[in-house]
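Engineer: One structure is given below, represented as structure tokens, and several questions about it will come after.
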Amino acid sequence: MKLSPLQIARYQYNPKLPGMLRNGISEICVKNGAPTESVADQEKIKALFPNTYGKNEITFQKGENTSPAKKQIVGVILSGGQAPGGHNVISGLYDALKATSPENELYGFKGGPSGLIDDDFIVFTDEYINQYRNTGGFDIIGSGRTKLETEEQFKIVAENCKKHAITAIVIIGGDDSNTNAAVLAEYFAANNTGVQVIGCPKTIDGDLKNEDIECSFGFDTATKTYSELIGNIERDANSAKKYWHFVKVMGRSASHVALECALETQPNICLIGEEVAEKKMSLAQITDYIADSVAARAAKGMNFGLAIIPEGIVEFVPEFSMLIAEINELLAGEKADAFNALAAWEEKYAFIKNGLTEEAFKVFELLPAGIQQQLFLERDPHGNVQVSLIESEKLFSEMVKKNLAARKAAGTYKGKFSPLHHFFGYEGRCAFPSNFDADYCYSLGYNAFMLIQYGYTGYLSKVSNLSKPAEEWVAGGMPITKMMNIERRHGADKPVIRKALVELDGAPFKFFAAHRDEWAVETCFTFPGAIQYFGPSEVCDLTTHTLALEKA
């Protein structure tokens with residue numbers, strides 16, 4: 001494989017660690033914090049996790065290492081979608097493990113959780129690890145979305161761990177993956193396997209955070225990558241002065257990515273799903289809101305602009321959620337076969353009209369034909385609409401176009417509207433990690449081994465005080481059960497990590513809300529440019545606007 005100059009240079013980057021982790025393994029001790037409880041449904045969560053619930057939060061500090069000496073053989077998996085920095089979590093874990101004892105070993109299980117079940121792994125060496133330091137992607141061992149949730153799976157994993165004398169497993173993933181980590185840790189503890197389980201918080205969507213986890217890894221790099229592209233498009237729009245760009249960005253369950261990109265680039269429009277849900281905004285109201293900006297700018301002679309649309313925006317629109325729920329019911333079971341047997345769209349349209357309530361069909365009729373058909377594309381494994389396949393950027397641009405045509409007919413709009421569409425998703429998931437993510441991820445991995453060494457299980461690796469220089473970061477751990485509540489999933493009550501949504505009373509949204517009226521009409525674009533890896537710290541180690549505002 002031919003290496004680029006940047007790749008060669010990144011291999012040589014030495015990630016920064018929190019101050020207390022720089023003392024050397026032998027000089028790190030534990031400080032116990034308060035006992036914890038789950039964010040909700042305390043009695044139910046406690047009953048489900050009797051062996052791992054209510055444990056103390058801990059932090060590491062300078063002092064004598066009192067952990068018992070023993071050979072550690074640790075397994076690690078990457079779970080779920082890619083996020084920049086995953087390779088550095090593994091590198092930090094490996095380095096801490098080898099710094100403690102050269103006899104310690106790290107097994108990388110391939111293809112995500114299924115690797116633990118299939119016993120498919122590689123034993124990491126210096127030579128192998130060094131090829132992946134400070135690089136993007138999950139290709140070091142691959143990832144997967146298999147869920148570890150059945151007793152049969154747990155037994156197989158326990159047997160494989162016993163076969164290799166594995167003492168701990170580190171699961172690098174998002175909210176679902178770390179929920180699985182908590183359940184696996186409870187099973188191991190209940191059955192006295194002696195195997196610990198530690199999680200690491202990963203997701204570019206930014207919805208795995210709380211008062212303890214300030215930021216999931218990958219969010220910094222992904223949003224900076226998207227913001228560079230959005231800034232480039234804004235500059236092009238301001239140069240050509242003839243296109244409206246509709247940009248969809250990642251984030252199905254929360255709008256953190258959209259909000260951060262808006263804070264970095266100051267677009268004319270940015271929809272925030274949580275606000276849409278709070279205000280119970282209809283498709284027509286959202287369309288009017290965007291069209292008002294287009295018309296106001298056209299009146300100033302500016303027939304161009306940019307709108308940021310979160311990937312999951314339609315699920316936040318109450319009437320659209322109602323429509324999706326009815327479609328899911330309409331095509332449940334054998335009815336799906338009857339629908340799929342129809343050849344022509346006209347026949348399918350009649351089937352839909354007869355099957356939906358009058359209220360739902362009115363919403364369906366509002367949609368452009370292309371979007372209507374996307375609602376009936378391939379279903380997910382549970383038979384539901386795959387919302388991620390809906391081109392919401394095209395949905396709103398087409399509805400705005402229709403709205404403006406009506407305004408033009410009424411003589412209230414005289415501008416030109418030429419929309420272009422973009423979707424930024426995969427472009428940011430495997431980018432070279434920013435210095436922040438390279439440092440943060442390496443610290444999470446290094447810290448994960450410290451949790452293992454001190455015997456913790458069912459804990460999430462935690463590094464906080466992230467808006468400060470790395471020297472001031474605080475390393476420690478928190479029980480995963482602290483983040484959990486009970487939610488209804490597929491007809492059953494399940495313990496899950498609560499997703500963190502954009503807080504409408506939080507500082508990042510308030511800053512955005514205070515400026516968006518001006519951005520909607522004027523050209524206030526900012527151009528963040530490419531991620532910088534070399535140069536002054538105030539440029540290269542810059543945190544996200546979201547984190548800076550939250551911790552100001």
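The values are calculated or read from the model by the stated rules, or taken from the named source; none is laboratory data. Note that this is a predicted model, so its numbers are computed, not measured. Don't worry about glycine lacking a Cβ; one is built from the backbone with ideal geometry, like all the others, and counts go over all protein chains shown.
Engineer: For the range 17-35, indicate whether the set of residues that are in a strand (DSSP E or B), modelled with pLDDT under 95 and of a type in the set (Lys, Arg) is non-empty.
Structural biologist: Taking every residue of the range 17-35 in turn, none turns out to be in a strand (DSSP E or B), modelled with pLDDT under 95 and of a type in the set (Lys, Arg).
Engineer: I'd like to know if the range 228-236 contains one or more residues that are within 30 Å of Glu37 (Cβ to Cβ), in contact with a Gly (Cβ under 8 Å, 6 or more places away or on another chain) and part of a helix (DSSP H, G or I). Even if it seems obvious, please write down each step before you answer.
Structural biologist: Here is the first cut: in the range 228-236, the residues within 30 Å of Glu37 (Cβ to Cβ) are none.
No: the range 228-236 contains no residue that is within 30 Å of Glu37 (Cβ to Cβ), in contact with a Gly (Cβ under 8 Å, 6 or more places away or on another chain) and part of a helix (DSSP H, G or I).
Engineer: Filter the range 131-143 for residues that are surrounded by fewer than 17 Cβ atoms within 10 Å (Cβ to Cβ) and modelled with pLDDT of 95 or more and give the result.
Structural biologist: So the first thing to find is which residues in the range 131-143 are surrounded by fewer than 17 Cβ atoms within 10 Å (Cβ to Cβ), and the list is 131, 139.
If the condition is that a residue be surrounded by fewer than 17 Cβ atoms within 10 Å (Cβ to Cβ) and modelled with pLDDT of 95 or more, then Asp139 is the only one that fits.
Engineer: Follow-up. Does the range 77-90 include one or more residues that are surrounded by 19 or more Cβ atoms within 10 Å (Cβ to Cβ), touching a Cys at 6+ places or on another chain (Cβ under 9 Å) and at positive phi?
Structural biologist: Within the range 77-90, one or more residues are surrounded by 19 or more Cβ atoms within 10 Å (Cβ to Cβ), touching a Cys at 6+ places or on another chain (Cβ under 9 Å) and at positive phi.
Engineer: Collect the residues in the range 65-76 that are in contact with a Leu (Cβ under 9 Å, 6 or more places away or on another chain) and either on the phi > 0 side of the Ramachandran plot or of a type in the set (Val, Ile, Thr) (or both), keeping them in residue-number order.
Structural biologist: Let us first name the residues in the range 65-76 that are in contact with a Leu (Cβ under 9 Å, 6 or more places away or on another chain), namely 72-76.
Across the range 65-76, the qualifying residues are Ile73, Val74, Val76.
Engineer: Also: Evaluate the following for Gly206: is it outside any helix (DSSP H, G or I), under 30 Å from Trp519 (Cβ atoms) and among the small types (Gly, Ala, Ser)?
Structural biologist: yes
Engineer: Which one of the conditions (1) under 24 Å from Asp437 (Cα atoms); (2) in contact with a Lys or Arg (Cβ under 9 Å, 6 or more places away or on another chain) does Thr523 fail to meet, given that it meets all the rest?
Structural biologist: Checking Thr523 against (1) under 24 Å from Asp437 (Cα atoms); (2) in contact with a Lys or Arg (Cβ under 9 Å, 6 or more places away or on another chain), the one that fails is (1).
Engineer: Could you check how many residues of the range 59-92 are of a type outside the set (S, T, N, Q), modelled with pLDDT of 95 or more and over 22 Å from Ser177 (Cα atoms)?
Structural biologist: 2
Engineer: Could you figure out which of (1) of a type outside the set (Gly, Ala, Ser); (2) assigned by TED's automatic domain parsing to the domain that holds His87; (3) farther than 27 Å from Ser388 by Cβ; (4) touching a helix residue (DSSP H, G or I) at 6+ places or on another chain (Cβ under 9 Å) isn't true of Tyr454?
Structural biologist: (4)
Engineer: How many of the residues making up the range 140-164 are charged (D, E, K, R) and either closer than 28 Å to Pro84 by Cβ or touching a Gly at 6+ places or on another chain (Cβ under 8 Å) (or both)? Steps first, please.
Structural biologist: Taking the range 140-164 first, the residues charged (D, E, K, R) are 145, 147, 149, 151-152, 155, 159, 162-163.
Checking which are either closer than 28 Å to Pro84 by Cβ or touching a Gly at 6+ places or on another chain (Cβ under 8 Å) (or both) leaves us with 145, 147, 149.
Summing the residues that are charged (D, E, K, R) and either closer than 28 Å to Pro84 by Cβ or touching a Gly at 6+ places or on another chain (Cβ under 8 Å) (or both) in the range 140-164 gives 3.
Engineer: With the condition kept exactly as written, say whether any residue in the range 115-123 is β-branched (Val, Ile, Thr) and part of a loop (DSSP other than H, G, I, E, B). Step through it out loud before you land on a result.
Structural biologist: At the first step, the residues of the range 115-123 found to be β-branched (Val, Ile, Thr) are 117, 122-123.
Next, from what is left, pick out any that are part of a loop (DSSP other than H, G, I, E, B): none.
No; the residues of the range 115-123 include none that is β-branched (Val, Ile, Thr) and part of a loop (DSSP other than H, G, I, E, B).
Engineer: Restricting attention to helices (runs of 4 or more DSSP H) lying wholly within the range 290-390, give those where 1 or more residues are in the same structural domain as Glu522 (by TED's automatic domain parsing) and over 30 Å from Gly491 (Cβ atoms). So that I can check it myself, show each step before the final result.
Structural biologist: Values: elements: 313-316, 318-330, 334-340, 345-355, 358-366, 369-374.
Here the list reads 345-355, 358-366, 369-374.
Engineer: For the range 396-430, which positions are under 28 Å from Ile8 (Cβ atoms) and out of contact with any Asp or Glu (no Cβ under 9 Å at 6 or more places or on another chain)?
Structural biologist: Matches in the range 396-430: Phe424, Tyr426, Glu427, Gly428, Arg429.
Engineer: Taking the conditions exactly as written (at negative phi and at pLDDT below 95), does Ser38 satisfy them or not? Lay out the reasoning, then the answer.
Structural biologist: On the way: at negative phi: yes; at pLDDT below 95: no.
When the stated conditions are applied, Ser38 does not pass them.
Engineer: Report yes if some residue within the range 447-454 is assigned to a helix (DSSP H, G or I), under 22 Å from the mean Cα position of the chain (by Cα) and crowded, with 23+ Cβ neighbours inside 10 Å; otherwise report no. Steps first, please.
Structural biologist: Pass one, the range 447-454, residues assigned to a helix (DSSP H, G or I): 447-453.
Okay, now just the ones that are also under 22 Å from the mean Cα position of the chain (by Cα), so 447-448.
If we keep only those that are crowded, with 23+ Cβ neighbours inside 10 Å as well, we get 447-448.
Yes.
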